[in-house]
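Quick notes on the structure that follows.
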Amino acid sequence: MKAEPLVFDGTAFNSVSVVDTLVSARGTGRRWSTQKPLAFWRVFAEMDLSSSFNVEMFAGRYGDPTGALPGQSYLPSWRKVQELLQVPATAWDPVDDRGISHVTVDTTRITLSKSFGISHRAEGELTIWDVNPVIDLKTYNTFHRARSLDAFMLFSAYRQLRDRTPMRRCVECGHWFDASHARARFCSNACNIKASLRRKGEI
């Protein structure tokens, strides 16, 4: 059975700076979108949030998970999301000899990894889900739409845990991606192009 699409429209920021945990960006940002779960939530789960470099790189590529921009301290709200994502992340084993990380067969770890729950955003407090089921009135197909980056990452984690999605690190940027196609080596076309230019000595 084909999984329902997971739709998200995000905003990344080309120029992000962090000073004393206050995060800011110049410009209106760069729009990006997807119709499927993505594995970069695991990157966020593993990130050192005390590193301004990590925060700037993540917000520059994917956006701000919790609305800390502009000019607010990202650390309390980002840490809450990270702590939630660290729970499902425990379900994946270290990479094997092919560089692929699989969901464990250990039933105890699976049970614990599924304990991060489902709830709704309320009264401005961080909760897990801001994802709505939607019916396409032209095709009558259903899909889910995430209205925030934190919700998209959490629902991606839920879907990929449910589907036991294998993961691999991109050879260009090091970010996790869906390795269902075992020969895939890049998380995105942009990383593939960048690696090709690097091989040619053009960057």
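Here, each number is a calculation from the coordinates, and none is a lab measurement. Just so we're clear, the structure is a prediction, and the values are computed from it rather than from any experiment. All Cβ positions, even for glycine, are placed from backbone atoms using ideal geometry, and neighbour counts span all protein chains on display.
So here's what we get for this one:
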read-out: Region 6-199, relative contact order in percent, only Cα pairs under 8 angstrom and at least six apart counted; value: 22 percent
read-out: Nitroxide proxy distance, nm - points 7 Å out along Cα→Cβ at residue 197 and residue 134; value: 3.2 nm
read-out: Highest average packing first - 183-190, 61-68, 93-100, Cβ atoms within 10 Å; value: 61-68, 183-190, 93-100
read-out: Leading residue at positive end of dipole, region 6-199 (Cβ point charges), from 94, 70, 112; value: 94
read-out: Per-pair calculated FRET efficiency, R0 = 30 Å: residue 26 and residue 184 via Cβ, rounded to 0.05; value: 0.30
read-out: Among 48-54, 146-152, the order from most to least packed when residues are scored by Cβ within 10 Å on average; value: 146-152, 48-54
read-out: Pairs of lysines in the chain (C-alpha under 30 Å apart; 8 or more residues apart or interchain); value: 8
read-out: Additional length obtainable on full extension of the chain from residue 50 to residue 104, 0.36 nm per residue less Cα span; value: 16.5 nm
read-out: At 0.890 mPa s and 25 °C, Stokes D of region 6-199 from Kirkwood alpha-carbon radius, µm² per second; value: 139 µm²/s
read-out: Around residue 54: net Lys/Arg minus Asp/Glu count, Cβ-Cβ under 15 Å; value: -1
read-out: Charge tally in the Cβ shell below 13 Å around residue 40, where Lys, Arg are +1 and Asp, Glu are -1, residue 40 excluded; value: +2
